[in-house]
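Bear in mind that the values in this text are calculations on the coordinates, not laboratory data. Note that the coordinates shown come from a computational prediction; the quantities given were computed from them, not determined experimentally. Glycine gets a Cβ as well: all are built from the backbone with ideal geometry, and neighbour counts include every protein chain shown.
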């Protein structure tokens, strides 16, 4: 029993696994706290729907996403599922809960509390890497490099808590840049100790499902607050179809081959693919809020142009990022097919941006219909793409 409780971290390698790894129950439970965090971010954006609210949403979304990425990549590389690991997961969940609780006024009176929550999460992760490096000499160059880079970021976040706004957020930004840059500069070290990439792909897909689920929650929540009519039902159905279209586009056509470039130490292409998921998940979450806004005023005689533009641009952002993700696969997979899919997404994004420019002339129902049509036609193109 003592050995099971205090067993040191184990280096997980794809080639050493008897079968492909799947998400554990603990990982799925861990994801639940991020469901809450994303819901809080979306709710805050919905309540504070303005330019400042949008900026606040993006600024706070990035640290939350980065915490999830940090924990996920550690768990895909090192694992033992002992008692200590489970208690650390509980601690991380409590910290993320604190981050979610401080999203409201996260750039104002709650900014220090939010910063300390982020610092706490990163400190726990740094300790995990140092612990893993201590027990696994082969991984020590990588774990030490991560510990140094991430600790530098933590120092800047700590300094941010004693400087006034808006300089506080400058330190946040520089700290995040260091955080994001640290893996970029670890190519040779990652090549020697790559993460379990098949498992990583599954985990990233699960986070994408989390943000898609937020769109469904937004649709159901908005419809439940209104009297049902043909207009509200049609708007809700179109909103669901958009979420379904993005599910189809992502899970049927996104190629994870760029991520495998980590095994060759090519961090540029691998992390471009990975980091592209940040604006994608921001766009998907914002799309859910946009659908919620459209449903909310679908029965009003005068449409809110700003809401319609926000909704269109959120969907266009998702399509643009998907086109970029497809493009990163061009030199590693079926080049012709990936480029065709890329142009499909770019064409749809251009069409939706045009709708946004003409939003003052169109009703909300017509706008969401046209956007849903543009997303649905992507599925049709993908089905009949002869390269697929």
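Here the alpha carbons of the chain define both size measures, Rg and Dmax, at 21.6, 70 Å. For the stretch 172-323, just say rounded, prolate or oblate: build the C-alpha gyration tensor, square-root its eigenvalues into a ≥ b ≥ c, call rounded for a/c under 1.5, and beyond that prolate if a/b exceeds b/c, oblate if not. It is prolate, given that a/c is not under 1.5 and a/b is the larger ratio. When the chain is treated as a Gaussian network with alpha carbon springs shorter than 10 Å, the biggest mean-square fluctuation among 196, 144, 314 belongs to 144.
Springs join every pair of Cα atoms under 10 Å in this Gaussian network model of the chain, and among 339, 203, 51 the largest mean-square fluctuation is at 51. Comparing mean-square fluctuations of 60, 32, 278 from a GNM of the chain with C-alpha springs under 10 Å, the top value falls on 32.
Tell me the mean residue ellipticity at 222 nm calculated for the chain from its helices only (DSSP H runs of n ≥ 4, each -39500 (n - 2.57), averaged over every residue, nearest 500). Computed ellipticity for the chain at 222 nm equals -26000 deg cm²/dmol. Overall shape: oblate for the stretch 109-215, with the ratio a/c of the largest to smallest alpha carbon gyration tensor axis at 1.5 or above and b/c at least equal to a/b. The value obtained for the stretch 224-275, namely the Cα convex hull volume divided by the number of residues, is 92 Å³ per residue. By the Cα gyration tensor, the stretch 246-308 has an equivalent ellipsoid whose semi-axes, rounded to whole angstrom, run 37, 12, 6 from largest to smallest.
The P(r) of the stretch 23-192 has a tail past 20 Å containing 53 percent of all C-alpha pairs. Put in line by how crowded their Cβ is, counting other Cβ atoms within 10 Å and starting with the fewest, 228, 273, 157, 247 read 228, 247, 157, 273. Going from the fewest other Cβ atoms within 10 Å to the most, the residues 254, 64, 305 appear in the order 305, 254, 64.
Between rounded, prolate and oblate, where does the stretch 127-175 land on the alpha carbon gyration tensor, with a ≥ b ≥ c its root eigenvalues, rounded for a/c under 1.5, else prolate if a/b exceeds b/c? In terms of gyration-tensor shape, prolate.
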